[in-house]
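Novice: For reference, the structure I am asking about is given below.
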Amino acid sequence: MGAYLVLKLIAECGIDMARWPTAKHFTSWLALSPGNKISGGKLLSSRTRRTKSRAAALLRLAATVIGRTETALGAFYRRLDSRIGKAKAVTATARKMAILFYNTLRFGWQYQDPGANHYEARYRQRLVSNLHRRAKSLGYELAPVQAFEKGVS
């Protein structure tokens, strides 16, 4: 986040984050968290609420910009964009940035960006471990492709 964005967010939200007990409360106040319309035990809608909050608009704008960078958040945005579309990817990335902003002001945490390559490696590792777990539950065992190529050649 740039200095200008942070100043505008502080102007909108203030520096006292104690008003919101958790980051989830903060993202809900910004209308960046999913809704939960339930009637009769059935989920009717989980869309985010419409808002005129300037802070949410700033975070959404920053999310679109960060989508073009080689950062972990940029990789997150691009992965969601290809899977669920731009609008939902913007909202999800803006929510993630709001949580980082909240934690920075409330607890003094510092965010160290691991980079897009680290994010992609972790995502791939998560996918492989999930595939191994699902295959094991179905009674199969996965093996790397290299093992089969050596046996065939």
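The values are calculated or read from the model by the stated rules, or taken from the named source; none is laboratory data. Source: prediction; values computed, not measured. Here Cβ is always computed from backbone atoms with ideal geometry, including for glycine, and neighbour counts include all displayed protein chains. To get the accessible areas, we keep the full protein, side chains included, count just its heavy atoms, and leave off ligands, DNA and RNA. Shrake-Rupley method; radii C 1.70, N 1.55, O 1.52, S 1.80 Å.
Novice: Any chance you could give the angle, 0 to 90 degrees and rounded to 10, that helix 54-66 forms with the longest Cα principal axis of the chain?
Specialist: 30
Novice: Further, regarding this structure: According to the square roots a ≥ b ≥ c of the eigenvalues of the Cα gyration tensor, what is the shape class of region 11-63, taking rounded for a/c under 1.5, prolate for a/b larger than b/c otherwise, and oblate for the remainder?
Specialist: oblate
Novice: Summing -39500 (n - 2.57) over the DSSP H runs of n ≥ 4 in the chain and dividing by its residue number, what mean residue ellipticity at 222 nm do you reach, to the nearest 500 deg cm²/dmol?
Specialist: Calculated at 222 nm, the ellipticity per residue is -20000 deg cm²/dmol.
Novice: Sticking with this structure for a sec: Grab the alpha carbons of the chain, take their convex hull, and tell me the volume per residue in Å³.
Specialist: Here the figure is 181 Å³ per residue.
Novice: A further question on this structure: Counting pairs on different chains as well as pairs 8 or more places apart, how many Lys pairs in region 1-75 have Cα atoms under 21 Å apart?
Specialist: 5
Novice: Consider a paramagnetic label point 7 Å from the Cα of residue 5 along Cα→Cβ; state which residues of region 36-65 have an amide N under 20 Å from it.
Specialist: Backbone N within reach: 51-65.
Novice: If R0 is 22 Å, what FRET efficiency do you get for residue 86 and residue 125 from their C-beta distance, rounded to 0.05?
Specialist: Here the calculated transfer efficiency is 0.25.
Novice: Whole number in Å², please: accessible area per residue of the chain, 1.4 Å probe, ligands, DNA and RNA not counted.
Specialist: Result: 72 Å² of accessible area for each residue.
Novice: Looking at the chain, which longest stretch skips every one of the GluC sites (Glu not before Pro) that is in a DSSP loop with at most 16 other Cβ atoms within 10 Å, leaving the sites themselves out?
Specialist: The longest uninterrupted stretch comes out as 71-140.
Novice: Determine the dipole magnitude for region 9-99: charges of +1 sit on the beta-carbon of Lys and Arg, -1 on that of Asp and Glu, nothing else is charged, the reference point is the Cα centre, and the result goes in debye to the nearest 20.
Specialist: The calculation lands at about 460 debye.
Novice: Against the longest alpha carbon principal axis of the chain, how many degrees, from 0 to 90 and to the nearest 10, is the axis of helix 3-13 turned?
Specialist: Its long axis makes an angle of about 60 degrees.
Novice: Report the residue, chosen from 95, 106, 50, that carries the largest GNM mean-square fluctuation when the chain is represented by alpha-carbon nodes joined by springs under 10 Å.
Specialist: In the Gaussian network model the winner is 50.
Novice: Here is a further query. Please find, in a Gaussian network model of the chain (springs between Cα atoms separated by less than 10 Å), the residue of 87, 135, 62 whose mean-square fluctuation is greatest.
Specialist: 135
Novice: Work out which chymotrypsin sites (Phe, Trp or Tyr not before Pro) in the chain are exposed loop sites (DSSP not H, G, I, E or B, at most 15 other Cβ within 10 Å) and give the longest gap free of them.
Specialist: 1-108
Novice: With springs only between Cα atoms under 10 Å, which of 118, 25, 132 fluctuates most in a Gaussian network model of the chain?
Specialist: Answer for the Gaussian network model of the chain: 132.
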